[in-house]
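Asker: Take a look at this one; I'll ask things after.
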Amino acid sequence: MKALSESEAQHLSDSWAFWARDEQTPPKGDWRIWLFLGGRGAGKTRAGAEWVRAQVKAGCRRIALVAPTFSDVREVMVSGPSGFLNIGDEDDRPRYEASRHRLIWPNGAEAHGFSSEDPDGLRGPQFDCAWADEFAAWTRPQETLDMLGLGLRLGEDPRLMITTTPRPLPALKALLTQSGVVMTHATTQANAAHLAPGFVAAMTERYGASRLARQELDGVLIDDPEGALWTRSLIDQALGLPAFEPERVVVAVDPPASASGDECGIIATGCSGQGREAQLVVLKDMSLQGRPEVWAAKVAEAFEAVDADWVVAEANQGGDMVRAVLQAAAPDLPIRLVHASRGKRARAEPVAALYAKGRVRHAGRFPALEDQMCAFGASELSGSPDRVDALVWAIAALTPQAASPRLRRL
């Protein structure tokens, strides 16, 4: 294999198309706003700067650069390690006029910096593309975004790229529901090769069981909708409780209503102590989507994995069928079928109360279960909360006095 020359190696080193990950490249199709959500150090700034460079090469001549403050425009977007003054071929780099917050490329294209502290600064100017950085940290996000959008009126296809670590701001949540918005997502881990050695491991060790980690490292939008029975702070509390050895373990199953559609909730939970003094631990979430023989096999697998004492299965959707399917997967499986006489929220409220009292521990991070928990009970909840249902059945079976959803055993 022929070795690369020095100029070829330099060209390859400067080639963003070669080094960029898929989520760092513009989505295909027709869109107006590209929203790139990512954890700290996930490569958002480099992606934004490279996208603007590509727009300049494609003919854009008036660009808006918007950050939380003018200092952020200068220190991050312009002169930072992934900023315009430090990427690409030196001959193609712009010069920066600090007094005017302006970049000028050799081909005449201009980019002007703006601060979210001054939305009115975007009144008047017009652009054919824009890059908005750290949107979730903007002082006045909705007002600034509105002014920016009104200025994107040049060229045949004016577009906006937004890069940010997410926070549950109304303006960001509104963006996710708008037409013409496409999203890509990256974690800090995905860019670990370009970060200080040990940084990701250190941050994961320090914050790995917290809401902060999911937001700042995983780049996940974390929110507590109004009316939900659980909050992210309750999840963080459950993750931080001391470990203990459970005396009894149960695998709870909430079968899907159809043969192929909703997930089958499969939650393994343990308990130590009796009655109102019992302490509980959620051991595993093995929920999945699939046909009856698939989820039944997963239940049997979960039973063996946690050395469970019995299986609790919700039987509202046909108790005999549920028992038969489970016994076909594992004939000796000890099964207790239960049937609820109250609605989902009424059954879940005593379990949520146990979390509030600090009596339920999570043995690990269960993102899908946590997301269902922190949406359960909210008016905007959609879909079937199968994981939460299974969790409620498990805890109710282990602590019938502390969390009694008025169930009948069949």
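Asker: Would you mind finding the one in Asn86, Asn107 that is surrounded by fewer than 16 Cβ atoms within 10 Å (Cβ to Cβ) and either touching a Pro at 6+ places or on another chain (Cβ under 8 Å) or closer than 26 Å to Leu37 by Cα (or both)?
Answerer: Being surrounded by fewer than 16 Cβ atoms within 10 Å (Cβ to Cβ) and either touching a Pro at 6+ places or on another chain (Cβ under 8 Å) or closer than 26 Å to Leu37 by Cα (or both) holds for just one of Asn86, Asn107, which is Asn86.
Asker: Further question: Tally up the residues in the range 199-236 that are within 23 Å of Val392 (Cβ to Cβ), in contact with a Lys or Arg (Cβ under 6 Å, 6 or more places away or on another chain) and β-branched (Val, Ile, Thr), please.
Answerer: 1
Listed here are the residues, each with its yes/no results for (1) over 27 Å from Gly180 (Cα atoms); (2) surrounded by 15 or more Cβ atoms within 10 Å (Cβ to Cβ).
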| position | (1), (2) |
| --- | --- |
| Gly29 | no, no |
| Gly43 | no, yes |
| Arg46 | no, yes |
| Gly59 | no, no |
| Val66 | no, yes |
| Ser79 | yes, no |
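Asker: Within the range 230-240, is there a residue that is assigned to a loop (DSSP other than H, G, I, E, B), farther than 30 Å from Gln24 by Cβ and at pLDDT below 95?
Answerer: Among the residues of the range 230-240, at least one is assigned to a loop (DSSP other than H, G, I, E, B), farther than 30 Å from Gln24 by Cβ and at pLDDT below 95, which makes the answer yes.
Asker: Also: Is it fair to say Leu160 is among the aliphatic types (A, V, I, L, M) and in contact with a Pro (Cβ under 9 Å, 6 or more places away or on another chain)?
Answerer: Considered against the rule, which asks whether it is among the aliphatic types (A, V, I, L, M) and in contact with a Pro (Cβ under 9 Å, 6 or more places away or on another chain), Leu160 comes out as no.
Asker: Please indicate, with yes or no, whether at least one residue in the range 211-219 is closer than 25 Å to Leu172 by Cβ, assigned to a loop (DSSP other than H, G, I, E, B) and among the hydrophobic types (A, V, I, L, M, F, W, C).
Answerer: For the range 211-219, residues closer than 25 Å to Leu172 by Cβ, assigned to a loop (DSSP other than H, G, I, E, B) and among the hydrophobic types (A, V, I, L, M, F, W, C): present.
Asker: Inside the range 94-149, counting only strands (runs of 3 or more DSSP E) that do not spill past its ends, which hold 2 or more residues that are more than 21 Å from Gln178 (Cα to Cα)?
Answerer: 95-97, 102-104, 110-115
Asker: Testing Ile235 on (1) under 23 Å from Ser210 (Cβ atoms); (2) surrounded by fewer than 15 Cβ atoms within 10 Å (Cβ to Cβ); (3) not basic (Lys, Arg), one condition comes back false. Which one is that?
Answerer: Status for Ile235: all satisfied but (2).
Asker: Here are some conditions: (1) without any contact (Cβ under 8 Å) to a residue 40 or more places away in the chain; (2) under 19 Å from Leu369 (Cα atoms); (3) part of a helix (DSSP H, G or I). Gly290 meets all but one. Which one does it not meet?
Answerer: Just one mismatch for Gly290, condition (3).
Asker: Let me ask another. So is Trp34 modelled with pLDDT of 95 or more, in contact with a Pro (Cβ under 7 Å, 6 or more places away or on another chain), in a helix (DSSP H, G or I) and surrounded by 20 or more Cβ atoms within 10 Å (Cβ to Cβ) or not?
Answerer: Criteria not met by Trp34.
Asker: Considering only the range 363-381, I want to know if a residue exists there that is at pLDDT below 95, crowded, with 19+ Cβ neighbours inside 10 Å and over 30 Å from Leu212 (Cα atoms).
Answerer: No, the range 363-381 contains no residue that is at pLDDT below 95, crowded, with 19+ Cβ neighbours inside 10 Å and over 30 Å from Leu212 (Cα atoms).
Asker: In addition: State all residues of the range 10-67 that are free of Cβ contacts under 8 Å to residues at least 60 places away in the same chain and among the polar types (S, T, N, Q); if no residue qualifies, say none.
Answerer: Gln10, Ser13, Ser15, Thr25
Listed here are the residues, each with its yes/no results for (1) crowded, with 21+ Cβ neighbours inside 10 Å; (2) at negative phi.
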| position | (1), (2) |
| --- | --- |
| Pro255 | yes, yes |
| Gln274 | no, yes |
| Gln289 | no, yes |
| Ala296 | yes, yes |
| Ala300 | no, yes |
| Asp307 | no, no |
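Asker: Looking at (1) modelled with pLDDT of 95 or more; (2) buried (at least 17 other Cβ atoms within 10 Å of the Cβ); (3) not in a helix (DSSP H, G or I), which is the only condition Tyr355 fails?
Answerer: Against the list (1) modelled with pLDDT of 95 or more; (2) buried (at least 17 other Cβ atoms within 10 Å of the Cβ); (3) not in a helix (DSSP H, G or I), Tyr355 comes up short only on (3).
Asker: In addition: Name the residues in the range 125-145 that are over 19 Å from Thr69 (Cβ atoms) and surrounded by fewer than 16 Cβ atoms within 10 Å (Cβ to Cβ), would you?
Answerer: Gln126
The values are calculated or read from the model by the stated rules, or taken from the named source; none is laboratory data. Predicted model, so just to flag it, every value in this text is computed and none were measured. A quick note on method: Cβ atoms are made from the backbone with ideal geometry, for glycine too, and the neighbour counts reach across all protein chains shown.
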